[in-house]
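To keep things clear, I will list the structure first and then write my remarks on it.
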Amino acid sequence: MREEKPNNPSQKNKNRKSWLWPAIYSGFAVLFVGMVWTYQAVTNDDAGEKAEVSQSGPTGGAGDVTVETNASNETMKFPFDEALLDGVSVLQEYYDMEADSEQREKALLVFNQTYVTNSGVTLSNGDEPFEVKAALSGTVEDVVVDEFMGNKVTIKHADGLTTSYGSVTGITVEKGDQVAQGETIATTAANEWNPTAGNHLLFEVKKDGVAVNPGNFLAF
C-alpha cells in the first residue's frame, strides 16, 4: 500500500504568490496605458478645435481674427495715400472749444447763413479727387448714401474708436465688412451741403461715441 504524502500549505501559498502579484502589476499597467491614451486623445481634439477657430475666425472669414488682432496694435494713419501728403491740405479745422479764436473761426462752416461747427477735418487735394483709405483696421459700422450731405462710411475700431469718411463716392465696402488699415474704401467727391470745399473728404474721429480732434492722432 502506497504511502500518501501530506499536503504542504506553505508550498501552495508560495505558488499563489508567484502569479498573484504579476497579475496585479499587469492590471495597473493596462489601466495606466489606457488613461494616457485617453488624455492624449482629448488633448489632440481640443488642439484641433482651437486651430480650426484660429484659422477660420468667429464668423468663418479667414482674415477676421487677424484684422481684430492687428487693430489693437495699430497707430492711426492718414485716410489717404501718404504719397499725397504734400498735396493734401486742411481746408476746415476741427472745432475745438479750447483752441484760440482764430483756430475756432477756421472750424466754422456756413450753411443757409448759419454757422455750424466742424466735427472733423475737411481735407482737399487741390479740388482733385483722391482715394480714401481706412485709417485703422476694423469693421464697417455704417454706410450712408446722401446726395445732398455726401455719402459717408463709418468704421468701428478697437479701444472704443470710430472713424468716419464723409463726402465720398465709389464706396467699395458694405456694413459688416472687415477692413484692413490702408485699404481703399471710397473716393472723395463734392456735395451740395458744403459746396465751397469742392472735392474733399470730411474725416471724423470719435472716442466712445464723442467727437475728438483727429489732430490728436495725426499731424495734419
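The values are calculated or read from the model by the stated rules, or taken from the named source; none is laboratory data. Nothing here was measured: the structure is a model prediction, and the numbers come from that model. Neighbour counts run over all protein chains shown; Cβ positions are idealised from the backbone, glycine included. All accessible areas refer to the heavy atoms of the entire protein, side chains included, with ligands and DNA or RNA removed. Shrake-Rupley method; radii C 1.70, N 1.55, O 1.52, S 1.80 Å.
Residues with beta-carbon under 14 Å from that of Thr187, excluding Thr187: net charge, scoring Lys, Arg +1 and Asp, Glu -1?
Working: positive: Lys133, Lys152; negative: Asp81, Asp127, Glu128, Glu131, Glu183.
The answer is -3.
Where the accessible area of the stretch 69-198 is counted over protein heavy atoms with a 1.4 Å probe, how much of it, in %, is carbon and sulfur?
45 percent
So which of Lys106/Lys207; Lys152/Lys206; Lys156/Lys206 end up more than 18 Å apart by C-alpha?
Lys106/Lys207
Ordering Met97, Met76, Met149 by how much accessible area each has at a 1.4 Å probe, largest first, what is the list?
Met97, Met149, Met76
What accessible surface, in Å², does a 1.4 Å probe find on Tyr165, ignoring ligands, DNA and RNA and rounding to the nearest 10?
Its heavy atoms expose roughly 0 Å² to the probe.
Quick check: residue separation of Tyr115 and Thr172 times 0.36 nm, minus the Cα distance between them. What number comes out in nm?
17.2 nm
By the scheme Lys and Arg +1, Asp and Glu -1, what is the net charge of all other residues having a beta-carbon under 15 Å from that of Lys77? Let's see the in-between values first.
Values: positive: Lys133; negative: Glu74, Asp81, Glu82, Glu131, Glu183.
Net local charge, Lys77 excluded: -4.
How much accessible area per residue does the stretch 82-212 have, counting only protein heavy atoms and a probe of 1.4 Å, in square angstrom?
52 Å²
How big is the accessible area of Glu93 in square angstrom, nearest 10, if you roll a 1.4 angstrom probe over the protein chains?
The accessible area comes out at roughly 50 Å².
If R0 is 22 Å, what FRET efficiency do you get for Asp159 and Leu218 from their C-beta distance, rounded to 0.05?
My answer for the efficiency is 0.85.
Between Leu85 and Thr187, with labels modelled 7 Å along Cα→Cβ, what's the label distance in nm to one decimal, could you check?
Output for this residue pair reads 2.5 nm.
Let me check something: with ligands and nucleic acids excluded, how do Ser164, Ser101 order by accessible area (1.4 Å probe), largest to smallest?
Correct descending sequence by accessible area is Ser101, Ser164.
Across the stretch 114-191, what fraction of all alpha-carbon pairs, as a whole percent, falls in each successive 5 Å bin from zero upward?
It works out to 3, 16, 26, 26, 18, 9, 3, 0, in whole percents.
Working from the alpha-carbon coordinates of the stretch 82-212, get Rg over Rh, Rh being the Kirkwood radius.
Ratio value, two decimals: 0.95.
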